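Here's the structure we're looking at; comments come further down.
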Amino acid sequence: MIKILISFYSFFFIITPVFAEQTEGSVKLGDMLIEFKKNTSLIYYKNNFISESAILPGGVMYPNLYISEHGDAVIANKILNNKQESNKTEDDSKQFLISKDIQVIRDKSNKSALLKTKNSKKECKVNFSKKNNNSISIFDGLQKKGDLLAAANNQAGLLITSFDADQKINGYQFTLLNLVNCKANKIDIGNPDFLSELGWTSKGFWWMTGTTNQTLMRSENGTKWYNVKLPSDIYSLVSAYITSKKEIWLAAGIASLTDENDPMLIRSLDGGTSWENIKRNTQEIEQVPAYWIEGQTRAQLK
């Protein structure tokens, strides 16, 4: 059995590190194919090679892949579209896409990032103070140093990590940025866990996943957050995907339910009150969200 611990910067738009451990094979998501190698992943769209991403120390996939709940995908400055082509814009070192409509641009000062929608001339400037980590620019922090971005229509959510003098994580700040009026709402999340994933879907709204203490946090509006009650014997939580207020998928196991050969996927259909373990070769495994890369990886690779 292949041991799968993979999760991507992805979804509409979710961002999360890649935890890859000796995983090889390929996973198909609509018109996209991801081929996993030992330290890299190759991305194809309609049989055309698009990009190669390295898996950096700490499990970060770079360049980052973002894919929506509807299958719209971008990587670096490339848009994987339905015209059987990829669109490339400016130099990747100056800007990158987090959705087909939202760009992140390096500010000339190198101390902030500019976010804008594709059809707008307005650029929203975002400043952050990365405590005791001044050598990392905001742009680089968003790209490849563990800070997280997710797009939600004309909004962007940004989860920024703060460090103490010993370079240990001492807290997180979530910023909800309205890309129409550039209004930013900043929320102190505290330090509940090692937060490795930020996601949003149109019916499941916002969530964050913590992988050390097995944490799932949710918010409908991005300003008020709460913890979802998870099974007491949950383990190895890597990723989440929330399709609605009630339906929650987790890449994790439940000690009392999960067997060695199971794909380590669990689901709740009542908002977290009860949970079921997903088995292979069942109707339930066919219901894994189509563009949840972690879920499809576990469902397709054995």
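Descriptive notes on the structure:
- Selection status of Lys100, part of a loop (DSSP other than H, G, I, E, B), modelled with pLDDT of 85 or more and over 22 Å from Thr209 (Cβ atoms): yes
- Enumeration of residues in the range 155-198 that are at positive phi and exposed (fewer than 14 other Cβ atoms within 10 Å of the Cβ): Gln167, Gly190
- Evaluation of Trp225 against the conditions (1) over 24 Å from Ser112 (Cβ atoms); (2) modelled with pLDDT under 95; (3) not aliphatic (A, V, I, L, M) shows that the sole unmet condition is (2).
- Set Lys203, Lys246: member being in contact (Cβ under 8 Å) with a residue 40 or more places away in the chain, touching an Asp or Glu at 6+ places or on another chain (Cβ under 9 Å) and surrounded by fewer than 16 Cβ atoms within 10 Å (Cβ to Cβ): Lys203
- Here is the figure for the range 183-204: residues that are under 24 Å from Asp72 (Cβ atoms) and either of a type outside the set (Phe, Trp, Tyr) or out of contact with any Gly (no Cβ under 8 Å at 6 or more places or on another chain) (or both) total 8.
- Scanning the range 182-196 for residues that are over 15 Å from Ala152 (Cβ atoms) and of a type outside the set (A, V, I, L, M) gives Cys182, Lys186, Asp188, Gly190, Asn191, Pro192, Asp193, Phe194, Ser196.
The values are calculated or read from the model by the stated rules, or taken from the named source; none is laboratory data. If you're wondering where the values come from, they're calculated on a predicted model, not measured in any experiment. With ideal geometry, Cβ positions are generated from the backbone for all residues, glycine too; neighbour counts draw on all protein chains shown.
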